[in-house]
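Working notes, structure below.
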């Protein structure tokens, strides 16, 4: 969801790549549904393994409730943020919407900080 919001809202200002330490076999139907409610189609996406090389070269790594601290990429970069969001996996649509909206809010805040060169 965060990657889709960055691509949609940042207008090329930021580049985002999503990845996980233990990616699911497929994108959740609920994630697809709640993003589609906002006009964003993520149905062609797929869960990806964390790309440590990409993380090492990133200006900022955002961690979302990683859980496996020693596997997280935060130590690879000088700047990281932990958004510590609940994992909506196997939850109902209202929780997915709540997390989606929080991710969108945080992406918007990040974009504003980057525009001010304050990240």
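The values are calculated or read from the model by the stated rules, or taken from the named source; none is laboratory data. These numbers were taken from a predicted model, which means no experiment stands behind them. Reconstructed Cβ throughout: ideal geometry from the backbone, glycine too, with neighbour counts over all protein chains shown.
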Residue check, residue 89 against (1) modelled with pLDDT under 90; (2) exposed (fewer than 12 other Cβ atoms within 10 Å of the Cβ); (3) outside any loop (DSSP other than H, G, I, E, B), all met but one. Which one? (3)
Inside the range 1-25, can you point out the residues that are touching a residue at least 60 places away in the same chain (Cβ under 8 Å) and touching a helix residue (DSSP H, G or I) at 6+ places or on another chain (Cβ under 9 Å)? 1, 2, 5, 6, 9, 10, 13, 14
Filter the range 5-25 down to the residues that are within 11 Å of the chain's Cα centre (by Cα) and part of a loop (DSSP other than H, G, I, E, B) and list them by number. 16, 17, 18, 19
Checklist (1) over 18 Å from residue 99 (Cβ atoms); (2) surrounded by 14 or more Cβ atoms within 10 Å (Cβ to Cβ); (3) modelled with pLDDT under 90 applied to residue 20, failing item: (1)
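Among the residues of the range 26-63, how many are in a loop (DSSP other than H, G, I, E, B), surrounded by 14 or more Cβ atoms within 10 Å (Cβ to Cβ) and either in contact with a helix residue (DSSP H, G or I) (Cβ under 7 Å, 6 or more places away or on another chain) or modelled with pLDDT of 80 or more (or both)?
The number of residues fulfilling the criteria is 10.
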